[in-house]
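J.: I have a structure I would like to understand better, so I am pasting it below and will then ask my questions one at a time.
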Amino acid sequence: MTAFKSGDPLTLNRLYGRSSGHKLRASQQELVEKLLPQIEVPADGEITAAGLFGEDRPLHFEIGFGSGEHLADRADMLPDHGFIGAEPFLNGVATALGHVRDKHLTNVRLWRGDALDVLQRAPDGVLSFLYLLHPDPWPKARHAVSKTLIVPRCSDETQTVRPPLRKRTKRGRLPTGRLSSSLPEAASMK
């Protein structure tokens, strides 16, 4: 018996569902074409603060940043820290790029794709903070590929978080026995 079963959404090696929605506005498309290449996490190589920002600094990683409000607010609040956001949804990335532009954030790098692609290239101990806010809580079969169901895998692979483990999760209604039993409780972060 193998862990991966073809066609079974519960065994997919990814943390997301859909990757596009409505057509981007012209200004959003321009941000994706011009700003994203400047602040994008490189497709290859090790993920370190020095590699991304030119110096060593605390590194934050947000899985599924949505429209980027939290990521941009934290980056604005902590300009001496580095922030990486991973989001496969193009419309969310475009909105986050608007926040980066409007707040003149130089400490943000974005990855349009699966967070596992970045996490697997991050050496142990490189991340200071890991954010997973509003994981998809729907216990419906059609939402089985949502990050809530796949996060236990991520929890096992995320040895890249520097001890003491600091994860920030914001939980709503969760399916019984899924995320709540697989993630250690986060340290109090205010």
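J.: Which of the residues that make up the stretch 88-102 are without any contact (Cβ under 8 Å) to a residue 60 or more places away in the chain and either under 22 Å from Phe53 (Cα atoms) or crowded, with 24+ Cβ neighbours inside 10 Å (or both)? If you could, list the steps in order and put the result at the bottom.
T.: Residues of the stretch 88-102 that are without any contact (Cβ under 8 Å) to a residue 60 or more places away in the chain, as a first pass: 92, 96, 99, 102.
Ala96, His99, Asp102, listed by residue number.
J.: Further question on the same structure: Specify the residue that is nearest to Asp73 (Cα to Cα); the eligible residues are those in the stretch 27-63 that are of a type in the set (Val, Ile, Thr) and assigned to a helix (DSSP H, G or I).
T.: Here is the first cut: in the stretch 27-63, the residues of a type in the set (Val, Ile, Thr) are 32, 39, 41, 47-48, 63.
With assigned to a helix (DSSP H, G or I) added as a condition, the list becomes 32, 39.
Details: Val32: 20, Ile39: 17 Å.
It comes out as Ile39.
J.: Within the stretch 94-112, count every residue that is closer than 16 Å to Pro42 by Cα, out of contact with any Gly (no Cβ under 6 Å at 6 or more places or on another chain) and aliphatic (A, V, I, L, M).
T.: 1
J.: Among the residues of the stretch 114-129, how many are touching a strand residue (DSSP E or B) at 6+ places or on another chain (Cβ under 9 Å) and surrounded by fewer than 19 Cβ atoms within 10 Å (Cβ to Cβ)?
T.: Adding up the residues that qualify gives 4.
J.: In the stretch 75-85, is there at least one residue being of a type outside the set (Gly, Ala, Ser), under 24 Å from Gln28 (Cα atoms) and out of contact with any helix residue (DSSP H, G or I) (no Cβ under 6 Å at 6 or more places or on another chain)? Break it down into steps so the answer makes sense when it comes.
T.: Kept after step one, since they are of a type outside the set (Gly, Ala, Ser), are these residues of the stretch 75-85: 76-81, 83-84.
So of that shortlist, the ones also under 24 Å from Gln28 (Cα atoms) come out as 76, 83-84.
From what's left, out of contact with any helix residue (DSSP H, G or I) (no Cβ under 6 Å at 6 or more places or on another chain): 84.
Yes, the stretch 75-85 has at least one match.
Quick note: the coordinates plus some simple rules give every number you see, no bench work behind them. All figures in this text were calculated on a predicted structure; none of them were measured in a lab. So basically every Cβ, Gly included, is an ideal-geometry build from the backbone, and we count neighbours across all protein chains shown.
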